[in-house]
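The values are calculated or read from the model by the stated rules, or taken from the named source; none is laboratory data. Everything quoted here is computed from the prediction, not taken from an experiment. Positions of Cβ are backbone-derived with ideal geometry, glycine not excepted, and every protein chain shown enters the neighbour counts. The area values use the complete protein model at the heavy-atom level, side chains included, leaving out ligands, DNA and RNA. Shrake-Rupley method; radii C 1.70, N 1.55, O 1.52, S 1.80 Å.
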Amino acid sequence: FWLKCGPDQSHQACCRRGSAMEGSEGDASEVESFMAGRAGVSYRCQCPTYLKVASVVCASLGLLAVLWRYVLHPEREPGDDVVIPDWPAAKNPQGVPSLSLAMTTTPWQQAPHFSSRILEMSAKAAIERPDALQELRDGQKHGHWIWWVFPALRDWGGDMNSAVQMNGGADMASCEEAEEYLRMPELRAGYVQALSLADAAIGRHQQNAPFQVFDAGFGRQPQGAWLQGPVDSFKVRASATLFATAASKANDREVLAGCLQVLQHFTGDCVYTPGAEGSAGYVAGVDSQPIALQGPDLEVLQRCGVDLERIFAG
C-alpha cells in the first residue's frame with residue numbers, strides 16, 4: 001500500500017504505522033534522497049503479516065463457498081433450506097392461487113387435533129404393522145403385535161403385556177379414544193387393511209378358524225384360560241366389536257363392514273377363560289367364567305352403550 005507523508009518524514013517513520021518496507025532493493029536512505037525536496041512524498045509499504053494471513057484465509061473461505069454451492073451441490077437453489085408448510089392453496093374463482101384467500105384459514109383449523117397417546121400409537125404401530133400384516137398374509141400369527149394392530153378396550157381386552165408397551169397401555173382407554181383412533185388416517189388405513197387380511201386368513205379354515213390364525217402358532221388350545229387358550233382370538237373379537245361401535249357412531253361404513261366381516265367368523269367353537277389379575281378379560285371381584293367367542297362381544301357393546309341392533313343396522 002502507499003502512504004503519502006511530509007518531506008520531513010523518513011521512509012521508516014512513514015511506514016511504521018503499517019509494517020516493514022517493501023520498496024526498492026536499495027535502503028531507505030536512497031529512497032529518501034531520491035524523493036528529497038518534494039512537498040509531499042509517497043512511500044510504498046508492506047502490509048503487516050497478520051493482515052496478509054487474514055486476507056488469504058478470507059479468500060480461501062470464499063473459494064470453498066463457491067465450490068460447495070456450484071460444484072458439489074449445483075442442484076440446490078436459494079431458499080432450499082426454508083421449510084414451507086404444505087397449506088391447502090386457496091383459489092379465487094378463476095382458479096389462480098390467492099395468498100389473501102389462503103391466509104383466511106390456518107392449517108391448525110383444518111387438521112383435527114390428536115392426543116399425544118394417539119400420536120404415539122400411530123408412530124409405534126407404523127413400526128410393528130408391516131411384520132404383522134405379512135404374518136396375516138401368510139395365514140398365522142407368530143409375533144407379539146396384537147395390541148398395535150387390533151387394540152381392544154384396556155379394561156377388557158388389555159392385559160399386563162399391553163399395559164407396558166407405552167404410558168397408559170397400548171389398548172384403548174375408552175370407547176371415545178377408539179373413535180379418535182379412527183380419525184387418524186394412518187391408524188384407520190392400517191386397521192382396515194388388517195381387517196381385510198384377517199378375514200381372508202380366517203376364511204381358509206372350517207373349524208376353530210380365528211384360533212388357527214391367531215393362537216395355534218403359540219401352541220395354545222382352542223378352549224382354555226388366558227395364555228393356554230385363544231387369548232388373541234378373544235382380543236381380535238373384542239377389538240372388532242369396539243371399532244364397529246366407533247364406526248357406527250361416525251357413520252364409517254367401510255370400517256363397520258370390515259369389523260362385521262371378521263366377527264362373522266366367530267362361531268362359538270373357540271372358548272376363552274380369563275385368568276388371574278393382569279389377564280385379558282379379568283374383572284376384579286368377579287369370578288372368571290368361560291366366554292364362547294361367538295359374534296360381537298356383548299361386554300364391549302355394554303361398556304360403550306351401544307345396542308347390538310344398532311351395529312347390524314349400520
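Taking region 161-177 as the range and being of a type outside the set (S, T, Y) and not in a helix (DSSP H, G or I) as the test, the residues that pass are V164, Q165, M166, N167, G168, G169, A170, D171, M172, A173.
Among the criteria (1) modelled with pLDDT under 50; (2) outside any helix (DSSP H, G or I); (3) not hydroxyl-bearing (S, T, Y), the one Q109 does not fulfil is (2). Take region 262-294 and flag every residue that is without any contact (Cβ under 8 Å) to a residue 60 or more places away in the chain and polar (S, T, N, Q). Selection gives Q264, T267, T273, Q289, Q294. Residues considered: Q223, Q264. Of these, the only one that is of a type in the set (S, T, N, Q) and in contact with a Gly (Cβ under 7 Å, 6 or more places away or on another chain) is Q223. Taking the criterion of being in contact (Cβ under 8 Å) with a residue 24 or more places away in the chain and touching a Gly at 6+ places or on another chain (Cβ under 7 Å), the residues of region 120-146 that qualify are A125, R129, A132, Q140, K141, H142. At pLDDT 95 or above, under 22 Å from T273 (Cα atoms) and buried (at least 22 other Cβ atoms within 10 Å of the Cβ): does that describe D155? Spelling it out, it is not the case that D155 is at pLDDT 95 or above, under 22 Å from T273 (Cα atoms) and buried (at least 22 other Cβ atoms within 10 Å of the Cβ). If you go through region 202-221 and keep only what is more than 13 Å from L263 (Cα to Cα), open to solvent by less than 10 Å² (accessible area, probe 1.4 Å) and not in a loop (DSSP other than H, G, I, E, B), you end up with V213, F214. Is there a residue being open to solvent by less than 30 Å² (accessible area, probe 1.4 Å), hydroxyl-bearing (S, T, Y), modelled with pLDDT of 95 or more and under 24 Å from Q294 (Cβ atoms) anywhere in region 112-122? No.
Counting only helices (runs of 4 or more DSSP H) that fall entirely inside region 223-314 and contain at least 1 residues that are open to solvent by less than 10 Å² (accessible area, probe 1.4 Å) and more than 18 Å from C175 (Cα to Cα), the qualifying elements are 231-250, 253-263. Among residues of region 235-259 that are closer than 19 Å to G281 by Cα, those with a beta-carbon under 9 Å from a residue that is polar (S, T, N, Q) and open to solvent by 10 Å² or more (accessible area, probe 1.4 Å) at least six positions away or on a different chain give the pairs R237/Q294; A240/Q261.
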